[in-house]
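Read-outs: derived from the displayed coordinates by stated rules, not from any lab. Being a predicted model, the structure only gives us computed values, none of them experimental. Cβ placement follows ideal geometry from the backbone for every residue including glycine, while neighbour counts extend to all protein chains displayed.
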Amino acid sequence: MERYIFYIVALGMIVSAIASVASRKMLRSVIYLLFVLSGIAGIFFLVDYNFLAAIQLTVYAGGIIVLVIFSVLLVHHIEMKLEVAKFINRLLTAIACLIGIIIFVTIIYSYDFKVAENSTTTTTAEIGMGLLSYETGGFILPFEVISVLLLAVMVGAIVIAKGKMLIPKSDESI
Amino acid sequence: MIEGISIYEILTLTSILFFIGIYGFITRKNLISILISVELILNASVVNFVVINKYLYPDILQGVFVSIFIIAIAAAETALAVSIIINLYRQISSVEVKDIEIMKY
């Protein structure tokens, strides 16, 4: 059963990802990205990391998608078609990416992974204890650093987005 | 781990997603589309961390922590990128890559 769910989710993700990078309408490609992100949350549910799936749904599908949709609506006319690269460029890039996929897959399949059979469920409490532990393998320092980073990003985003309207070009040109 | 699915199939899926992201990153001419492609690449790497943790080392949680940090940094990066794009659009009324010549504040 889970096997078929995985195949359906994987197929949907690949199709949506291709549509997301190939669609000529901005808003549609954002919505296709939303499908890909929800599919990734589905994979987290399948491998039994419920907390990560919840994070994926709230931060990515809830936060980042809304932010990107806002920026699309603020800077674009919805009807406007996007410019695309020249056909020959797209073809060459697609061939290069196909070669890359083939190389990756060959290397992955030639390596012998030592898979450990398990069906343990990770609780949120374990993740929280690990994040806040001082012991070896604890993640307290990166946790603190990332809180400072988020604060700095918040201040920086406000300062940059406030900005000045239209700097006069005559005085400040270099 | 997923019943009946080996690690190879999931790694194949994430490789395909990663290269779709790279394709979009190279061929798109618009800042927001490039941002979307970067999100695809980051997500593929997050799934790799989680799956390798689950299949190979189920008794420790390092991959989960690293993927939480990747998600947080990706959110921060998107917020900054969106603010830069909006500011740029106010100044030059365009978000096409070819129009952007100055990034001087």
* Asked: What are the semi-axes of the equivalent ellipsoid of the protein assembly as shown, taken as the square roots of 5 times the eigenvalues of the Cα gyration tensor, listed largest first and rounded to whole Å?
  -> 35, 25, 15
* Asked: Once fully extended, how much extra length lies between A:Ala94 and A:Ile69, figured as 0.36 nm per residue of separation less the alpha-carbon to alpha-carbon distance?
  -> 6.3 nm
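Using the per-residue mean of other Cβ atoms lying within 10 Å as a proxy for protection, in what order, highest first, do the peptides A:148-159, B:67-78, B:40-51 fall?
Details: A:148-159: 13.4, B:67-78: 19.2, B:40-51: 22.0.
Going from most to least packed, we get B:40-51, B:67-78, A:148-159.
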* Per residue of B:5-15, what is the mean number of Cβ atoms on other protein chains within 10 angstrom of that residue's Cβ? -> 6
* Residues A:Leu82, A:Leu46, A:Leu98, sorted so that the one with the fewest Cβ neighbours within 10 Å comes first -> A:Leu98, A:Leu82, A:Leu46
* Structure fact -> Expected vector for the range A:70-75, Karplus 3J(HN,Hα) from phi with 6.51, -1.76, 1.60 and θ = phi - 60°, integer Hz, x for Gly and Pro, equals 4, 5, 4, 5, 6, 9
* Structure fact -> With Cα coordinates, the longest principal axis of chain B makes an angle with the long axis of helix B:62-92, in degrees rounded to 10, of 10
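Where nothing but the Cβ of Lys and Arg (+1) and of Asp and Glu (-1) is charged, how large is the charge dipole of chain B around its Cα centre, in debye to the nearest 20? Kindly include the intermediate steps, with their values, before the conclusion.
Numbers: 6 positive and 8 negative charges, 72 e Å.
It comes to approximately 340 debye.
Average partner chain C-beta neighbours within 10 Å, per residue of B:63-70? Please report the intermediate quantities before stating the final value.
Values: counts 2, 11, 8, 2, 5, 10, 7, 0.
Taking the mean over all residues of the peptide, I get 6.
At 0.36 nm per residue, and after removing the present C-alpha to C-alpha distance, how many nm does the segment from A:Met1 to A:Lys114 gain when stretched out fully? Please report the intermediate quantities before stating the final value.
Working: separation 113, 0.36 × 113 = 40.68 nm, distance 2.46 nm.
This chain segment gains 38.2 nm when fully extended.
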* Asked: Of all GluC sites (Glu not before Pro) in the range A:87-154, which ones are in loop regions per DSSP and have a Cβ with at most 10 other Cβ atoms within 10 Å?
  -> A:Glu117, A:Glu135
* Structure fact -> Taking Cα pairs closer than 8 Å and at least 6 residues apart, the relative contact order of chain A in percent is 16
* Folded to 0 to 90 degrees: helix B:31-56 orientation relative to chain B principal axis, Cα -> 10
* Asked: Which stretch or stretches of the range A:55-95 have amide N atoms under 19 Å from the point lying 7 Å from A:Glu126's Cα along the Cα→Cβ direction?
  -> A:55-56
* Asked: Among A:Gly62, A:Gly128, A:Gly39, which one shows the biggest mean-square fluctuation in a GNM of chain A, springs joining Cα atoms closer than 10 Å?
  -> A:Gly128
